[in-house]
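The values are calculated or read from the model by the stated rules, or taken from the named source; none is laboratory data. These numbers come from a predicted model, not from an experiment. With ideal geometry, Cβ positions are generated from the backbone for all residues, glycine too; neighbour counts draw on all protein chains shown.
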């Protein structure tokens with residue numbers, strides 16, 4: 001079924017313009033889980049991370065565009081001391097992620113928002129509040145006229161850096177060479193960031209990194225993902 005109008009009216013910020021899908025199909029059980037968990041772990045428009053009851057001393061790591069949540073589950077299982085903040089505007093994806101996080105027993109260590117990443121970083125995250133950021137397989141917007149919609153832009157890169165603690169990291173992945181190079185070229189010249197692989201370089205795949213749905217889709221199409229790792233100086 002599609003998400004009910006009542007649900008969408010409660011959780012989708014219609015006044016915020018975003019690109020990409022926002023509505024879609026969910027099961028009755030998925031909607032029930034969303035209704036249970038989002039009031040508990042959701043980061044609504046009126047809240048900030050400071051209101052999110054994050055345990056003192058817990059590293060705070062964000063994934064922008066978490067899709068169906070498989071990478072969030074991996075992070076929660078491999079880093080039990082982290083508090084994870086997931087950002088995703090596609091609510092059916094959020095529904096799947098909530099189910100996976102609950103089934104894995106890690107959902108209480110996550111905070112979820114369906115708001116645009118730009119808004120989240122500008123209004124809900126304080127300066128130097130994050131220990132790390134992941135951006136996995138963002139929409140490539142392949143047409144030149146749509147490149148302005150790509151999430152990694154000069155201003156957005158500077159915003160990410162401002163929200164990282166010194167020594168914090170940004171890790172990115174893409175199976176589209178044009179997009180991988182786009183992100184690298186912007187981040188390489190962003191003040192305050194150091195490319196771990198050296199200027200112009202990509203890192204090897206992390207040994208414990210799972211193959212996400214989008215990475216598997218790329219592999220089936222013959223595309224190999226490229227990975228970037230930056231540290232705030």
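From the residues in region 66-109 that are touching a helix residue (DSSP H, G or I) at 6+ places or on another chain (Cβ under 9 Å), part of a helix (DSSP H, G or I) and without any contact (Cβ under 8 Å) to a residue 60 or more places away in the chain, which one is surrounded by the most Cβ atoms within 10 Å (Cβ to Cβ)?
72
Quick one: would you say residue 197 is surrounded by fewer than 19 Cβ atoms within 10 Å (Cβ to Cβ), modelled with pLDDT of 95 or more and within 17 Å of the chain's Cα centre (by Cα)?
No.
For region 141-155, which residues satisfy the criterion of being surrounded by fewer than 18 Cβ atoms within 10 Å (Cβ to Cβ) and either in contact with a strand residue (DSSP E or B) (Cβ under 6 Å, 6 or more places away or on another chain) or closer than 13 Å to residue 172 by Cβ (or both)? Working first, answer last.
So in region 141-155, the residues surrounded by fewer than 18 Cβ atoms within 10 Å (Cβ to Cβ) come out as 142-149, 153-155.
Once the filter is applied, which keeps residues that are surrounded by fewer than 18 Cβ atoms within 10 Å (Cβ to Cβ) and either in contact with a strand residue (DSSP E or B) (Cβ under 6 Å, 6 or more places away or on another chain) or closer than 13 Å to residue 172 by Cβ (or both), region 141-155 yields nothing.
Among the residues of region 42-65, count how many are closer than 17 Å to residue 127 by Cβ and touching a residue at least 12 places away in the same chain (Cβ under 8 Å).
9
State whether the residues of region 55-62 include one that is crowded, with 20+ Cβ neighbours inside 10 Å and in contact with a helix residue (DSSP H, G or I) (Cβ under 6 Å, 6 or more places away or on another chain).
no
Only one of (1) out of contact with any strand residue (DSSP E or B) (no Cβ under 7 Å at 6 or more places or on another chain); (2) outside any loop (DSSP other than H, G, I, E, B); (3) without any contact (Cβ under 8 Å) to a residue 60 or more places away in the chain; (4) within 21 Å of residue 89 (Cα to Cα) is not met by residue 123, so which one is it?
Condition not satisfied by residue 123: (3).
As an exercise: evaluate residue 112 against (1) under 18 Å from residue 84 (Cβ atoms); (2) part of a loop (DSSP other than H, G, I, E, B) and give the number of the one condition it does not meet.
(2)
On the given criteria, is residue 184 surrounded by 15 or more Cβ atoms within 10 Å (Cβ to Cβ) and either at pLDDT below 95 or within 20 Å of the chain's Cα centre (by Cα) (or both)? Give the derivation first.
Numbers: surrounded by 15 or more Cβ atoms within 10 Å (Cβ to Cβ): yes; either at pLDDT below 95 or within 20 Å of the chain's Cα centre (by Cα) (or both): yes.
Yes: the conditions hold for residue 184.
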